[in-house]
Amino acid sequence: MTNYDETKVPQYELPCPLTCMDGTKCITPEQWFHVRRPELLHLFSENIYGKTPDLGNPLRAEIIEEGLALSKRALRRQIRLFFPQKTNTTATHMDILCYMPNQIKSPVPLFLGLNFAGNHTIHADPSILLTSSWIDEKWEGVVDHRATEKSRGAQALRWDVDQIIERGYGLATIYYGDIDPDFDDDYQNGVHPIFYRSDQKRPNDDECGSIGAWAWGLSRALDYFHTDESIDYSRVAVFGHSRLGKAALWAGACDERFALVISNESGCGGAALSRRCYGETVKSINERFPHWFCNNFRKFNQNENNLPIDQHQLIALIAPRPIYIASAFDDQWADPKGEFLAGLYADNVYRLTSNDGLPTKEFPPLEQAIMGRISYHIRRGRHGVMPYDWNQFLDFSDSNIPEINT
Ligand code: GTR
């Protein structure tokens, strides 16, 4: 039975982000960065998301299409990144769709986020290439798990492309199914076979599942941005909604090159504290989506208190880089309060590393965004990405992104 009753949240004690495994408490940023941060990263890899191999070289990139878009206000660029090929691999490449403001000549800061149903769904622009990857049939215009012309622009409400461009940012997106199709096939499709050693058939219990693979793809896009002169590589924000918010948080935790992180309603295994067991739980997520996390995470089904970590420490791994955590009131499944508390309990690490953190201890009223280096809002309405969310993310980025570059 799903618990939505605050009085039934079990008693719990959270592991302290600043206390090292040998009991020493970090009192300097150096201790955090050299001792505690690597410890936590290791614990998250081993117990929740799984380890992701380092393949070494950046992926080979090819610009496959370029043109003016959005009534000439933007430059559209589509880049194909090729995965290294092995005989048993079906995944060959992922496509990055970029829009850059046309009126700005200097390298632009950029939002990078995975999308759920194909790059062509984020805007009706007819020049966006349709993905040939597997897509869930629950999305509009998908036939036999493939994209059709009918699905163009189907997710446009979630991507405020015009406003993003208007405010001087670029936007880059990748269809997450190009990296790993989102169904349980024992990791035979997608990029996992590329990660396997010669005698390996599936990930070990401490090796990455799909979320780890999606996060890996985000970092490979960042490698590419390093080579693209129209993008300011030092000012790339990683954004994600729901399961893709979990991937964005994990990417931001692992890859310190991401300048800013935005989690929209990422819930269980994302920003929400596991120990609260409110809404979606570790057991329910592992049972419904056995391919998302590493197998070791299953040890904590109905056993959250034995987790050596909790999700506030995932937020802490992003410090001192700015983080925005967003919730929606009707999305109790994602435990808005647990998401807020993860931000609050990461505050001590932010104060130690940046002298700034979450400017409140109180859960805020609806649609009153709390803006600090850790920011939070809960809006009215259901699970999704709404213009209200993008308005806050853009304001937050305006006040936090320039600073990063100095
Ligand atoms: C739900 C899942 C959540 C969230 C969501 C989504 O079914 O339980 O953890 O990730 O899907 O991605 O839309």
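Does residue 156 qualify as being surrounded by 14 or more Cβ atoms within 10 Å (Cβ to Cβ), more than 30 Å from residue 317 (Cβ to Cβ) and touching a strand residue (DSSP E or B) at 6+ places or on another chain (Cβ under 6 Å)? Judged against the criteria, residue 156 is not a match.
To keep it simple, each residue is scored yes or no on (1) aromatic (Phe, Trp, Tyr); (2) in contact with a Lys or Arg (Cβ under 9 Å, 6 or more places away or on another chain).
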| site | (1), (2) |
| --- | --- |
| 202 | no, no |
| 216 | yes, no |
| 224 | yes, no |
| 245 | no, no |
| 267 | no, yes |
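Anything in region 33-69 that is open to solvent by less than 20 Å² (accessible area, probe 1.4 Å) and over 23 Å from the mean Cα position of the chain (by Cα)? List them, or say none. Correct list: 67, 69.
Given the structure, is residue 292 open to solvent by 30 Å² or more (accessible area, probe 1.4 Å) and within 16 Å of the ligand (Cβ to nearest atom)? Against the criterion (open to solvent by 30 Å² or more (accessible area, probe 1.4 Å) and within 16 Å of the ligand (Cβ to nearest atom)), residue 292 does not qualify. Taken over region 370-389, the residue count meeting the criterion of being open to solvent by 50 Å² or more (accessible area, probe 1.4 Å) and among the polar types (S, T, N, Q) is 0. Restricting 325, 315 to those that are under 20 Å from the mean Cα position of the chain (by Cα), of a type in the set (Val, Ile, Thr) and within 16 Å of the ligand (Cβ to nearest atom) reduces the list to 325. For region 330-355, how many residues are surrounded by fewer than 22 Cβ atoms within 10 Å (Cβ to Cβ) and touching a Gly at 6+ places or on another chain (Cβ under 7 Å)? Here the count works out to 4. Hey, can you tell me all the residues within region 239-275 that are hydrophobic (A, V, I, L, M, F, W, C), under 9 Å from the mean Cα position of the chain (by Cα) and within 16 Å of the ligand (Cβ to nearest atom)? Passing the criteria: 239, 244, 247, 248, 249, 250, 251, 262.
Among the residues of region 338-359, those identified as out of contact with any Phe, Trp or Tyr (no Cβ under 7 Å at 6 or more places or on another chain) and touching a residue at least 12 places away in the same chain (Cβ under 8 Å) are 339, 341, 342, 344, 345, 346, 347, 348, 350, 354, 359. Residue 184 meets the conditions (1) within 16 Å of the ligand (Cβ to nearest atom); (2) part of a loop (DSSP other than H, G, I, E, B); (3) touching an Asp or Glu at 6+ places or on another chain (Cβ under 8 Å) in every case but one. The failed one is (3).
The residue list 367, 362 contains one member that is surrounded by fewer than 23 Cβ atoms within 10 Å (Cβ to Cβ), within 28 Å of residue 28 (Cα to Cα), of a type outside the set (S, T, N, Q) and away from the ligand (no atom under 16 Å from the Cβ), which is 362.
The values are calculated or read from the model by the stated rules, or taken from the named source; none is laboratory data. On a predicted model such as this, the values are computed, not experimentally measured, just so you know. All Cβ positions, even for glycine, are placed from backbone atoms using ideal geometry, and neighbour counts span all protein chains on display. Accessible surface areas use protein heavy atoms only, side chains included; no ligands, DNA or RNA. Shrake-Rupley method; radii C 1.70, N 1.55, O 1.52, S 1.80 Å.
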